[in-house]
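Engineer: Here it is: the structure, laid out below.
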Amino acid sequence: MEDIKRQLTHSSKATKQDRYGKAIAFFCTFLIGLLVVSILYLVASRGLATFFKDHVSVWDFLTKQNWNPSQVDKNGSPLVGALPMIVGSFSVTIFSAVLATPFAIAMALFMTEIEPRRGTKFLQPVIELLVGIPSVVYGFVGLTIVVPVVRTVFGGTGFGILSGTLVLFVMVLPTITSMYVDSLRAVPRFYREASLALGATRWQTIYKVVLRASIPGLLTAIIFGMARAFGEALAVQMVIGNASLLPHNLISPASTLTSVLTTGMGNTVMGTLPNNALWSLALILLLMSLCFNLIVRYIGKKGRMAK
Amino acid sequence: MVNVITTHNVRLYYGDKEALHGIDLDFPKQKITALIGPSGSGKSTFLRCLNRMNDLTPGVTITGSFKLDGKDIYSPKTDVVELRKKVGMVFQQPNPFPFSVFENVAFGLRLAGIRDRKLIQERVETSLKQAAVWDEVKDKLNDNALSFSGGQQQRICIARVLAVQPEIILMDEPTSALDPVSAGKIEDLLLDIQDKFTIAIVTHNMQQASRISDRTAFFLDGKLVETGLTKQLFIAPKQESTSDYLNGKFG
Ligand SMILES: Nc1ncnc2c1ncn2[C@@H]1O[C@H](COP(=O)(O)OP(=O)(O)O)[C@@H](O)[C@H]1O
Ligand SMILES: [Mg+2]
């Protein structure tokens with residue numbers, strides 16, 4: 001009797017282990033959380049200093065076209081117009097995503113619907129390889145092949161948004177494809193069966209059911225690809241020309257938020273305006289990736305499929 | 001009595017393994033035929049031969065004769081797409097597409113190339129009424145079909161099949177994933193539509209078979225042990241194994 005009572009009122013070994021496990025998990029989560037918060041704080045405090053300490057107006061920062069943080073204009077306000085970089089970043093991101101999406105859809109369909117066995121056998125390693133190649137290699141290949149080709153075909157220097165787009169296209173293609181493959185595979189088999197049983201052909205089943213059911217997954221994949229493109233620094237920097245000018249066409253030298261950051265980072269002194277201005281660019285990047293994240297979450301919530 | 005589908009000496013192999021060992025079973029027009037038998041006895045396998053869903057499973061070989069209205073189902077000239085429009089199928093798990101109710105029911109009509117909006121609307125409404133789910137969805141036709149209960153989803157799936165106006169509807173345990181009330185609604189609707197369609201229904205539920213079917217076929221280990229009018233088969237089975245199964249000696 002006593003024994004039973006003791007057993008019931010004392011926590012068992014399993015319960016204790018459970019508690020330890022939970023404590024460790026909580027601690028790790030807390031550490032990560034702290035890390036994220038400090039990064040956010042660092043970027044935000046430095047990035048906002050441009051506006052609060054150096055009194056640059058946010059509007060000017062976002063819409064002016066002159067980027068030369070160590071100089072001042074005739075009114076004495078510093079030249080920190082980030083519009084060229086913002087336009088550059090968005091252009092290469094959107095163009096490369098738009099270019100990559102049809103290819104990604106075709107490849108993903110090939111791997112899941114049309115030739116699942118052979119398609120996966122050949123394309124899976126290709127995709128993994130493409131993901132694994134360091135971005136400096138992409139940049140190097142872009143510099144030696146893409147830039148000269150663009151120069152010969154379209155004229156100009158070859159550096160610019162077009163070259164950046166083409167390099168990013170190759171870089172986001174595997175991201176979009178592999179994510180979309182996952183969401184195609186997640187389309188339940190019974191949707192296909194139901195469609196075929198209603199007299200749909202295989203092709204009708206693909207585009208009327210499978211593609212349609214996987215639209216949220218496709219959007220998520222594209223957003224992830226765009227996030228990658230938006231944040232890519234090195235490869236873009238090597239082919240875009242790095243001129244902080246508002247791009248008027250696709251083949252004149254331009255710049256992106258990231259390329260300005262990587263080129264400018266080493267040449268400024270902490271706490272000065274030129275340095276703070278770079279942090280402001282970083283803040284924009286951070287906010288954008290937050291945006292991408294929110295969009296992905298929103299799509300994920302809206303587009304749930306049956307299990 | 002006219003038979004919509006007749007089958008003779010059906011054998012089916014999964015790879016080298018014979019799963020159906022020579023089955024002869026006919027489906028009389030506008031009657032409900034119940035397929036009963038323990039799990040693994042080949043009921044689903046047989047049913048899926050009738051709309052050639054087994055074509056999708058790799059390694060399946062099928063021999064024997066299958067005729068729909070006298071025409072060979074497995075002839076190389078048969079258009080599988082046309083066949084499946086005539087032979088509809090309802091699955092065990094309710095499987096509406098993740099689209100609106102309307103789009104689900106209209107799916108087959110759009111496949112058939114029907115563009116006339118009024119005709120589509122009419123058919124959708126009629127089918128949902130036949131499937132006894134109209135009153136529950138009529139104000140929510142644009143809601144995602146997945147937002148309804150399992151029983152409603154299954155009736156939407158039935159409406160989706162009815163909209164194509166098939167001759168025969170194959171149902172593989174359509175109520176086994178549902179609660180008794182939802183199952184009862186489906187039984188009622190089957191009784192309502194049986195004068196317009198020929199129905200083949202696999203069921204584990206003996207009461208269900210006896211309540212709704214005109215004829216019953218008892219499957220065991222890939223063989224058709226016995227078939228006959230439901231009343232006769234339930235009251236006076238000819239084979240001992242049928243009687244054992246009906247009395248719950250195995251299952
Ligand atoms: N895809 C398959 N591959 C191999 N064997 C299968 C497959 N589907 C069913 N079988 C086998 O065929 C037999 C009949 O199965 P099934 O038709 O599903 O029975 P039931 O529907 O009566 O429960 C079982 O022995 C099962 O293991
Ligand atoms: Mg079965």
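Engineer: Give me the Kirkwood hydrodynamic radius of chain B in Å, from all C-alpha pairs, to one decimal place?
Structural biologist: One over the average 1/r among Cα pairs gives 18.7 Å for chain B.
Engineer: Helix hunt in chain A: which complete DSSP H runs extend at least 20 Å axially by C-alpha with mean Kyte-Doolittle at least 0.0?
Structural biologist: Span-like helices here: A:13-52, A:83-109, A:116-132, A:161-185, A:215-231, A:273-302.
Engineer: Same structure, new question: Would you mind checking the radius of gyration and Dmax of the protein assembly as shown based on alpha-carbon positions, in Å?
Structural biologist: In order Rg, Dmax, the Cα atoms of the protein assembly as shown give 32.6, 107 Å.
Engineer: Here's a follow-up. Evaluate the distance, in nm, between pseudo-label points positioned 7 Å from the Cα of residue A:234 and of residue B:61 along their respective Cα→Cβ axes.
Structural biologist: 5.7
Engineer: Straight-line reach only, C-alpha to C-alpha below 20 angstrom: list the lysines that residue B:118 could link to, leaving out same-chain residues fewer than 8 apart.
Structural biologist: B:129, B:138, B:140
Engineer: Once Lys and Arg get +1 and Asp and Glu get -1 on their Cβ, which of B:171, A:48, B:159 lies farthest toward the positive end of the dipole of the protein assembly as shown?
Structural biologist: The residue sitting most towards the positive pole is A:48.
Engineer: Show me, bin by bin at 10 Å from 0, the whole-percent P(r) of segment A:83-302 based on Cα pairs.
Structural biologist: Taking all Cα pairs of segment A:83-302, the binned fractions are 8, 29, 30, 20, 9, 3, 0 percent.
Engineer: Let me ask you something else. Just to check I understand the Karplus step: with θ = phi - 60° and J = 6.51 cos²θ - 1.76 cosθ + 1.60, what whole-Hz values come out for segment B:219-224, glycine and proline as x?
Structural biologist: 9, 8, 6, x, 10, 8
Engineer: Enumerate the calculated ³J(HN,Hα) couplings along segment B:199-214 in order (Karplus 6.51 cos²θ - 1.76 cosθ + 1.60, θ = phi - 60°), each rounded to whole Hz, writing x wherever the residue is Gly or Pro.
Structural biologist: Here the 3J(HN,Hα) series is 10, 10, 10, 8, 8, 8, 9, 4, 4, 4, 4, 6, 6, 10, 9, 8 Hz.
Engineer: For segment B:134-239, state what percent of all Cα-Cα pairs lands in each successive 10 Å bin, counting from 0 Å until the bin that includes the largest distance.
Structural biologist: Per 10 Å bin, starting at zero, the Cα-Cα P(r) for segment B:134-239 comes out as 12, 42, 31, 11, 4, 0 percent.
Engineer: I would also like to ask the following. So, R0 is 35 Å and r is the distance between the beta-carbons of residue A:65 and residue A:131; what FRET efficiency does that work out to, to 0.05?
Structural biologist: 0.45
Engineer: Do any trypsin sites (Lys or Arg not before Pro) in segment A:25-73 lie in a loop, going by DSSP, with at most 14 other beta-carbon atoms within 10 Å of their beta carbon, and if so which?
Structural biologist: Hits after loop and neighbour filter: A:53.
Engineer: Label points 7 Å out from Cα along the Cβ direction at residue A:26 and residue A:201: separation in nm?
Structural biologist: 6.1
Engineer: Out of B:73, B:93, B:109, whose Cα points farthest toward the positive end of the dipole of segment B:72-122 (charges: +1 Lys, Arg; -1 Asp, Glu; placed on Cβ)?
Structural biologist: B:109
Engineer: To continue, here is another question. Can you list the aspartates and glutamates whose alpha carbon is less than 12 Å from that of residue B:231, not counting same-chain residues fewer than 8 positions off?
Structural biologist: Candidates past the 8-residue exclusion: B:214.
Engineer: What residues qualify as long-range amide H neighbours of residue B:90, i.e. H under 5 Å apart, gap of 5 or more or another chain, H built at 1.01 Å from N?
Structural biologist: B:170, B:171, B:172
Engineer: Toward the positive end of the charge dipole of the protein assembly as shown, about the Cα centre and with charges on Cβ (Lys, Arg +1; Asp, Glu -1), which of B:83, A:39, A:172 goes farthest?
Structural biologist: A:39
Engineer: When the helix-only estimate is applied to chain A (DSSP H runs of n ≥ 4, each -39,500 (n - 2.57), divided by the residue count), what is the mean residue ellipticity at 222 nm, nearest 500 deg cm²/dmol?
Structural biologist: Taking each H run of at least 4 residues, the total per residue is -22500 deg cm²/dmol.
Engineer: May I pose another question? Based on the mean of other Cβ atoms within 10 Å per residue, sort peptides A:29-41, A:155-167, A:77-89, B:231-243 so the most packed one is first.
Structural biologist: Ranked from most to least packed, the peptides come out as A:155-167, A:77-89, B:231-243, A:29-41.
Engineer: Now for a separate question. Once you average over the residues of A:198-207, how many Cβ atoms of partner chains fall within 10 Å of each Cβ?
Structural biologist: Mean shielding by partner chains, rounded to a whole number: 5.
Engineer: Sticking with this structure for a sec: Estimate the FRET efficiency between residue B:191 and residue A:115 by the formula 1/(1 + (r/R0)^6), using the beta-carbon distance for r and 56 Å for R0, to the nearest 0.05.
Structural biologist: The calculated FRET efficiency here is 0.75.
Engineer: OK, next. Would you compute, for the Cα atoms of segment A:1-101, the largest minus smallest coordinate along each principal axis and list the three values in descending order, in whole Å?
Structural biologist: Computed over segment A:1-101, the largest-to-smallest principal extents equal 92, 42, 18 Å.
Engineer: Can you tell me the relative contact order of segment A:83-302? Whole percent, Cα pairs under 8 Å, sequence separation 6 or more.
Structural biologist: 30
Engineer: Under a 5 Å amide H to amide H cut-off, with H placed in plane at 1.01 Å, what residues pair with residue B:11 once short-range neighbours are removed?
Structural biologist: Long-range HN contacts for residue B:11: B:22, B:23, B:63, B:64.
Engineer: While we're looking at this one, here's another question. Would you mind computing Rg(Cα) / (2.2 N^0.38 Å) for segment B:188-251, counting N as its residues?
Structural biologist: 1.14
Engineer: What ³J(HN,Hα) values, in whole Hz, does the Karplus curve 6.51 cos²θ - 1.76 cosθ + 1.60 give for segment A:233-244 when θ = phi - 60°, with x put for Gly and Pro?
Structural biologist: Working through the residues one at a time gives 10, 4, 4, 5, 4, 6, 10, 8, x, 6, 10, 7 Hz.
Engineer: Between residue A:295 and residue A:34, what FRET efficiency comes out of the Förster formula 1/(1 + (r/R0)^6) with R0 = 25 Å and r the beta carbon distance, rounded to 0.05?
Structural biologist: Working from the Cβ atoms, E equals 0.40.
Engineer: Sticking with this structure for a sec: Go ahead and set up a Gaussian network model of chain A, Cα springs under 10 Å, then flag whichever of A:108, A:227, A:213 fluctuates most.
Structural biologist: Among A:108, A:227, A:213, the largest mean-square fluctuation in the Gaussian network model of chain A belongs to A:213.
Engineer: Now a separate question. Using the Cα atoms of segment A:158-261 to build a convex hull, what is its mean projected area in square nanometres?
Structural biologist: 7.8
Engineer: Using +1 on the beta carbon of Lys and Arg, -1 on that of Asp and Glu, and nothing else charged, what's the dipole of chain B about the Cα centre, debye to 20?
Structural biologist: About 460 debye.
Engineer: Further question on the same structure: To the nearest 20 Debye, how big is the dipole of the protein assembly as shown about its Cα centre, given +1 on the beta carbon of each Lys and Arg and -1 on that of each Asp and Glu?
Structural biologist: The calculation lands at about 340 debye.
Engineer: Turning to a different aspect of this structure: Using modelled amide H (1.01 Å from N, peptide plane; none on Pro or chain starts), what sits under 5 Å from the amide H of residue B:31, excluding residues fewer than 5 places away?
Structural biologist: Distant-sequence amide H within range of residue B:31: B:199.
Engineer: Still on this structure, please answer the following. Please label the shape of segment B:73-198 as rounded, prolate or oblate, based on the square roots a ≥ b ≥ c of the eigenvalues of the alpha-carbon gyration tensor (a/c under 1.5 means rounded; beyond that, a/b larger than b/c means prolate, else oblate).
Structural biologist: Oblate shape, in that a/c is at least 1.5 and b/c is the bigger or equal ratio.
Engineer: Evaluate the distance, in nm, between pseudo-label points positioned 7 Å from the Cα of residue B:135 and of residue A:8 along their respective Cα→Cβ axes.
Structural biologist: In this crude label model, residue B:135 to residue A:8 measures out at 5.1 nm.
Engineer: Could you work out the relative contact order of chain B, using alpha carbon pairs under 8 angstrom and six or more residues apart, expressed as a whole percent?
Structural biologist: Relative contact order here is 28 percent.
Taken together, the values in this text are just the output of simple stated rules run on the coordinates, not laboratory data. Keep in mind the model is a prediction, meaning the values are calculated, not measured. As a convention, Cβ positions derive from the backbone with ideal geometry for all residues, glycine included, and neighbour counts pool all protein chains shown.
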